[in-house]
Amino acid sequence: MSLATFLLFAQLAAPLAPARPVLAFPERGLDDPAAYAGYQTRLFRDAAGNTLQIYLDSRAQRVVHLWADAEDESIGFTARAGGRAAALSWGSDAARVGRAGRARVVEYSLVADDPRIVVGWFLLGTMRIERDLQYGGQQKTAFAKGPFVVGEIDRLLAALARLDAAERARQLALLHAGSLEELRARRSATVTVGDAAGARGAGAAATVVRVVQPTLDALDTLTLELRADPSRVAIEAAGDSATLRARSGTRIPFVVRITTTGRTLTPIKREEIFTPAFLDYLAATRAEAARAGASSNAALSARRTERQVRGLELLVSHEKLMAGLPTYATYFGRDMLMSTLMLRPVWKPAMSEFAIASALRKLSPDGRVSHEEALGGQAVREASAEYATLVDSALAASAGAARDALLERARVVLRDIRRVRENYHMIDAEFQLPILEARWLRDPAVSDARKRAFLLDAADGEPRVARLLRELALLAELTAPYAHDPVTSNLVSFAPRDSGRWASQSWRDSEVGYARGRYAMDVNAIWAPHALEATAQILDALRTLGLLGDTLVRRAAPKGDESALVAYVRDPAALGAATARWQGASRHFVVRLGPADVRERVQARLAAMPEGERRHWNGVLAATGADRDSLVFLALSLDAQGRPIDVANSDVATRLFLGETEGPSRAPDASERAAVLRDVRTFARRYPVGLLIEGVGPAVANDAYASPSVWADFERDRYHGPRVVWGRENNLFLLGTMQRVRDAGTAPELAAYRRELMDAIAQVRTAVDASGFHSELWSYELHDGKIVPMRYGSGSDVQLWSTTDLAVGFAQRASRR
């Protein structure tokens, strides 16, 4: 669709229909607005049923629209008044949605409580690039420094300019451009100010700031319009920004209208997601709330549960499970697999099949699980970098076959510039996928015929069972060195960075998430042994289904007969021995501290804190006596020499959730009880000794026992440090510890053990509930000597693995019966 045609359709749109928010944060009665620190958001369904999130963030000075469709689109602008964030609020309770040809249209109202505002830093494209803008703080700089430019696209333009005229014309045609100048004009949005026919009535005039951004291949277009009544608001253009001024009074009402022609997703309803038992539970919570009254705890709990169900519906489509809104509206392998494992008790088996099929479809040729997909503008960005590198190599090569081959590869990249791209730089999903596969294969609710049909499905070019075995072959090779010789140097290592440090390749994927360690505890002490146990279960199930042919296994394994997987298929006892060795890997991570060591290290850490915080935490120690006993925990990671980096952490929640071994519930033996109590006590012991912060929840890490350099790292980058709580960790802990209580049964000799676990569950749940947050992550601040929970700035409002609250609630109700 040409730009002119698109704008014509946008102006001639069919009447828009009102649409109320599906969700809003903060929500009256559920959330403390002060904890959101000037942030507010609403989530809608557009005319295609796709999710649209709009947020107003005064701290970032930003208004952002995330269109969680097949392109992961975003439309953002900065609004300022006198050098500060403009005071914006919603102008009405509803938005208006509709279609114009293949374009989707959404319109809503805002009010600025300022007599004059300036808008700029318009950025229309993909949420990934919006993230980069904000991470760098560029949206807070002078508007004259704009527009935001994607460096990779500039590299593509420079590469095209270096080609001879004939080749350049041939390649420009692949992007539907007649000249380099035409293509260059698409790298940033055009901003104009003018008049347009009002949308609400014939002849009604409005002054419009119109921002238009075509895709690089000109096949789709995003637009943003800010519309105001010219009798009330004057608009003036100034380069790539515009000024809105109230003609009288101190308020500026205006309408925001956005449109896209991007590809859509297909929504799924809750009845397709949840089991009948869970839907009955949901109905029961509503009935209890109705009986108890609107202000009752039952009513608040029912509202939170419904909010999580709606959030999950916004993330799920027939095409994918998105990780979170607004920041991660794409496939994330880890998030999908973890959430599916946790939600299996409340999800229909088809959801597990969907997750497994998605991961297998996106496997790399050597069996790696995709961590994240690149869509829309991010795919263009990555393709642009690849294209520029190919052209540079081609032009550096001598004329002939080598140069021609490189140029042909460059043309292919341009031809498919918006192809979905996969990212394989994480390693934890390689261990998570087999565990989900094993639990699905062992599910008696799924018939053998259904399992066989699913595994033999070859819609993606080969039977799923072949892909499954390829991934198991990779897992077997990753774990083979330690299975052969269980020393720390044979553990699964993170990849080295160019800086000489180690990449964080599991869920704590910030730069310092693993305290710069090389060997992660969660990967080696938890995921690896459980993945090998799952491998044995998968192979047994495939034998039963008649799908474990020797030829198929050898084809999947990269080393043929020399592959570890082939050896395990031929000799199951060898796999059992490998699993047993890996089950002992936790010994490398054990940290033991006596009472004196605990007090000394905690006091050293407190001495490095500001006076107010030091006084507060010393008060907690005096009140709780948390530092009067010894402490044992599993270290977050090992350094390159195999020495523990002494950071107490929440990753043991995954160990509690997965259990000592996966199988029928049984009473734990003494060594298993000791390991469970060690991990539970890490969670339930008060910070700054353990993890639990009253009124907030368990911190994701406690660095008191590590070196000052680790303290400094976590102060600089707090995403996975002692100042944040992660919702997924709380739910892993609660689900896992509730299962450990069930395993203990009713034996009198285990009464004290059960009581300690139940007390820990109550303490963690009370702290989390008191925070008011059940989201991806949250933080806290000290105000007037008190700890106050706060929204974490880049946290997701709706996050896939945070909706696992639903499994926790369902399990708690079941435990009360």
How would Lys348, Lys451, Lys269 rank on accessible area, largest to smallest, probe 1.4 Å?
Lys269, Lys348, Lys451
Given q = 0.13, 0.14, 0.16, 0.18 Å⁻¹, what are the Debye log10 I(q)/I(0) values for the stretch 687-817, with equal point scatterers placed on the Cα positions and solvent ignored?
-0.60, -0.68, -0.85, -1.01
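Is the C-alpha gyration tensor of the stretch 164-283 telling us rounded, prolate or oblate? Criteria: a/c under 1.5 is rounded; beyond that, a/b larger than b/c is prolate, otherwise oblate.
oblate
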Accessible surface ranking that places the most exposed of Thr340, Thr250, Thr488, Thr746 first, with a 1.4 angstrom probe:
Thr746, Thr250, Thr488, Thr340
Å² per residue, accessible surface of the chain at 1.4 Å
38
Ratio of Rg to Rh over the stretch 381-510 (Cα coordinates, Kirkwood Rh, two decimals):
1.10
Of the listed links Lys320/Lys362; Lys320/Lys348; Lys140/Lys786, those spanning more than 22 angstrom between alpha carbons are Lys140/Lys786
Check each of the trypsin sites (Lys or Arg not before Pro) in the stretch 582-662 and keep only those in coil by DSSP with at most 16 other C-beta atoms within 10 angstrom; list them in order.
Arg628
Can you tell me the length gained on complete extension of the stretch Ser510 to Arg628, counting 0.36 nm per residue apart and subtracting the Cα distance?
39.2 nm
The stretch 59-212: equivalent-ellipsoid semi-axes (sqrt of 5 x gyration tensor eigenvalues, Cα, Å):
32, 21, 15
Mind checking which of His588, Ala574, Val647 is farthest towards the positive end of the stretch 569-654's charge dipole, using Cβ charges of +1 (Lys, Arg) and -1 (Asp, Glu) about the Cα centre?
Ala574
Taking the stretch 289-347 and dividing mean pair separation by its residue count, relative contact order in percent (alpha carbons under 8 Å, at least six apart)
15
Rg/Rh ratio calculated on Cα atoms of the chain (Kirkwood radius)
0.98
For the stretch 460-565, what is the charge dipole size about the Cα centre, in debye to the nearest 20, if Lys and Arg each add +1 at the Cβ and Asp and Glu each add -1 at the Cβ?
180
Length gain on complete extension for the stretch Arg742 to Arg286, per 0.36 nm per residue less the alpha carbon to alpha carbon distance?
161.4 nm
Which whole-angstrom value gives the distance between the alpha carbon centres of the stretch 378-393 and the stretch 714-763?
47
Expressed as a whole percentage, what fraction of the accessible surface of the chain belongs to carbon and sulfur atoms when a 1.4 Å probe is rolled over the protein heavy atoms?
52
Could you give the nm distance between label points at Ala573 and Asp769, where each point is 7 Å from its Cα heading toward the beta carbon?
5.3
Taking only protein heavy atoms and a 1.4 Å probe, the highest-to-lowest accessible-area order of Glu430, Glu613 is Glu613, Glu430
Using a basic spin-label model with each label point 7 Å from the Cα along Cα→Cβ, how many nm lie between Arg442 and Glu27?
3.6
Over the alpha-carbon set of the stretch 471-542, work out the extent along each principal axis and list the three values in angstrom, largest first.
43, 24, 19
Student exercise, the stretch 269-362 dipole from Lys, Arg, Asp, Glu Cβ charges, in Debye to nearest 20:
160
Quick calc: nm separation of the 7 Å Cα→Cβ label points for Ala144 and Leu456 -> 7.2
Column: log10 I(q)/I(0), Debye, Cα scatterers of the stretch 580-730, q = 0.09, 0.14, 0.15 Å⁻¹:
-0.29, -0.69, -0.79
Based on alpha-carbon centroids, what's the gap between the stretch 268-338 and the stretch 626-696 in Å, whole number please?
29
Relative contact order computed over the stretch 24-126 (Cα-Cα under 8 Å; 6+ residues apart), in percent:
23
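Output the relative contact order of the chain, whole-number percent, from Cα pairs under 8 angstrom with separation of 6+ residues.
It rounds to 10 percent for the chain.
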Mean-position separation - Cα centroids, the stretch 83-134 and the stretch 508-585, in angstrom:
49
Under 10 Å from the Cβ of Trp67, count the other residues' Cβ atoms, weight Lys and Arg +1, Asp and Glu -1, and hand me the total.
-4
Report, in debye and to the nearest 20, how large the dipole of the chain comes out about its Cα centre when Lys and Arg carry +1 and Asp and Glu carry -1 on their Cβ.
1400
How much length is gained on full extension from Arg245 to Ser499, taking 0.36 nm per residue of separation minus their Cα-Cα distance?
86.4 nm
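Stokes-Einstein D for the stretch 212-354 at 20 °C, 1.002 mPa s, Kirkwood Rh over Cα pairs, in µm²/s?
After rounding, the answer is 110 µm²/s.
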In terms of the charge dipole of the chain, which places +1 on Lys and Arg and -1 on Asp and Glu at the beta carbon, the residue among Leu621, Gly793, Met426 farthest towards the positive end is Gly793
At a Förster radius of 35 Å, what calculated FRET efficiency corresponds to the Cβ-Cβ distance of Thr190 and Arg84, to the nearest 0.05?
0.80
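The values are calculated or read from the model by the stated rules, or taken from the named source; none is laboratory data. Computed from a predicted structure; not experimentally measured. Methodologically, a virtual Cβ is constructed for each residue, glycine included, from the backbone with ideal geometry; neighbour enumeration extends over all protein chains shown. When the accessible area is computed, the model is the full protein with side chains, heavy atoms only, and any ligands, DNA or RNA have been set aside. Shrake-Rupley method; radii C 1.70, N 1.55, O 1.52, S 1.80 Å.
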